[in-house]
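The values are calculated or read from the model by the stated rules, or taken from the named source; none is laboratory data. All figures in this text were calculated on a predicted structure; none of them were measured in a lab. A quick note on method: Cβ atoms are made from the backbone with ideal geometry, for glycine too, and the neighbour counts reach across all protein chains shown.
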């Protein structure tokens, strides 16, 4: 039996609380989160209080790691995509450090936004020019446009948790089909499937009751694990393998 949505939300909060570690270092607080980067290391963020506010940052880790891995972020095109991703989460890039300011009232929301921005940038730009020539998100955008599928990019919905969730594309309802959400997963994994499913569950009850969510799984370079597609399906998300994307054109273009 599939657990109820409240049970899943409670499980998520327990996991988040139990796997978060706080350590003070010279007046700064190092927060180790349960979210994993592409090295399967837990993401760390840093917090320092400045008068009545807190400055949260990744201390430059994400950009530094991508640059060291051969990902060139110097082009105007990639910088524009980077800025669009960061703006979607309400965070800023200051001297290659992903940063956001918070108050005691919105600390949790801003911390969540920072971590989600780190994950998004880490995933979006995991491409050295020698191995991957195009950004997957750009490929999905071009595919939707080429097939006359109407969409709005980078849409935020408020969730029951109180956190905003960002989705890559929203296709408006028509007289033939309900509203559809499309989210691109460049590196499908258990964690990315869990994050996507949680975002969907967190917002689903606050949206139209017949809304459908599709997750487009990049299997261009590496095959997507059947376990990822199964996990998404169990939570009501329709998995779409990039290699079979054209099978879904009629449903998305309706």
- Can residue 69 be described as free of Cβ contacts under 8 Å to residues at least 60 places away in the same chain and surrounded by 19 or more Cβ atoms within 10 Å (Cβ to Cβ)? no
- Determine which member of the set 227, 146 is under 24 Å from residue 81 (Cβ atoms) and loosely packed, with under 13 Cβ neighbours inside 10 Å. 146
- Note on the structure: Residue set 48, 97; condition surrounded by fewer than 21 Cβ atoms within 10 Å (Cβ to Cβ) and modelled with pLDDT of 95 or more; output residue 97
- What are the residues in segment 72-84 that are surrounded by 12 or more Cβ atoms within 10 Å (Cβ to Cβ) and part of a helix (DSSP H, G or I), if any? 78, 79, 81, 82, 83, 84
- When residues of segment 130-165 are limited to those that are modelled with pLDDT of 90 or more and in a helix (DSSP H, G or I), the one nearest to residue 215 (Cα to Cα): 140
- Query: Can you spot a residue in segment 108-116 that is loosely packed, with under 14 Cβ neighbours inside 10 Å and in a loop (DSSP other than H, G, I, E, B)?
  - Reply: no
